[in-house]
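K.L.:
Take this structure first; my questions come after.
The values are calculated or read from the model by the stated rules, or taken from the named source; none is laboratory data. These figures come from a predicted structure and were not determined experimentally. When we count neighbours, we look across all protein chains shown, and the Cβ atoms used for this are built from the backbone with ideal geometry, even at glycine. Please note that ligands, DNA and RNA were not included when accessible areas were found on the heavy atoms of the full protein model with its side chains. Shrake-Rupley method; radii C 1.70, N 1.55, O 1.52, S 1.80 Å.
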Amino acid sequence: MLFRSIDLLISRAADLSQAKYEQYTPALFEFAHRNYTAIHADLPDSLDGQTLAVLHEAHQVMLVTTPELAALRLAKLKLDALRKLDIGDRTRLVLNRTAKNSILSNDEISEAVGLEVFAEFASDYAGVTDSLRSARPAPKVLESARQFVAKAGLNQPVQQRKKKFMERISLPITEYFRPSMNGSLLRS
C-alpha cells in the first residue's frame, strides 16, 4: 500500500491582519516530530515569516513547477531566493503536469531553472477526473507518485512510536465526543 496513515492539517483562509504566526511554528513542529515519521508542507509562493520558519525546518524542499516558460522563470527566481536563505542545497526540482511531447527537454528545464529535475508527474486531467468519480487512483499519476516516493526515500518502513503511559490507558477523544453539524465537538 502506498500510503498507510495520513493526517492532514488543512490551512484556513488568508489572514490579512498582518498577524505573526511564525511564533507558533516551533511548537507545531515539536508536536509533529513527536507524533509523525514524516511531515510534508504545501507552502504558498510568498516567503512570509511563517513560510520561512517552515522552510528552515525542512530536510528537503521540493520546488514544484510546470514546464511552461513563465512558470520556469518564477521557479528560477524562487530558487535564487532559497539559495540566498541557505536552503538551496536542500531543494529539489519537481515538474508537474508533464507531457511526453513537451517542447522543452528535462535538460533544457534544468538549465533554465538552475537545478536538475528530481522528479516529474504526468499530466492526466482525464485520468484524475475519472479517479475522483470512481474513487480509484489515476494510473499515470499513481506511477509518478510511486517513482517520486522511491526516489525521495519516503518508502522506508515506518517505525511505530512507543506509546506513552497515558496514551495506553486513555480512550481517543472520539469516544467521549461526537462532531456536531458545524464541526465542533459535542459531549456524547
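K.L.:
I need the shape label for region 1-138. Rule: rounded when a/c is under 1.5, else prolate if a/b > b/c, else oblate, with a, b, c from the alpha carbon gyration tensor.
P.N.:
oblate
K.L.:
Note down the magnitude of the dipole of region 1-128 about its Cα centre, charges +1 on Lys and Arg C-beta and -1 on Asp and Glu C-beta and zero elsewhere, to the nearest 20 debye.
P.N.:
With Lys and Arg at +1 and Asp and Glu at -1, about 140 debye.
K.L.:
Related question: Order LEU104, LEU132, LEU93 by their accessible area, 1.4 angstrom probe, all chains in place, largest first.
P.N.:
Largest accessible area first, the residues go LEU132, LEU104, LEU93.
K.L.:
Once amide H atoms are built 1.01 Å from N in the peptide plane, which residues 5 or more positions from THR91, or in another chain, come under 5 Å H to H?
P.N.:
Placed amide hydrogens put VAL61 under 5 Å from THR91.
K.L.:
Do any GluC sites (Glu not before Pro) in region 59-111 lie in a DSSP loop with no more than 14 other beta carbon atoms within 10 Å, and if so, which?
P.N.:
Of the GluC sites (Glu not before Pro), the ones in loops of region 59-111 whose Cβ has at most 14 other Cβ atoms within 10 Å are GLU68.
K.L.:
Right, something else. Leaving out ligands, DNA and RNA, and with a 1.4 Å probe, what % of the accessible surface on region 22-124 is carbon or sulfur?
P.N.:
Of all accessible area on region 22-124, carbon and sulfur atoms account for 53 percent.
K.L.:
Leaving ligands, DNA and RNA out of it, work out the accessible area of VAL64 with a 1.4 Å probe and give it in Å² to the nearest 10.
P.N.:
In the full protein context, VAL64 sits at about 90 Å².
K.L.:
If you don't mind, there's one more thing I want to ask. Calculate one ³J(HN,Hα) per residue across region 113-125 by plugging θ = phi - 60° into the Karplus curve 6.51 cos²θ - 1.76 cosθ + 1.60, and present them in order as whole Hz with x for glycine and proline.
P.N.:
8, x, 8, 5, 5, 7, 7, 9, 10, 5, 7, 8, 4
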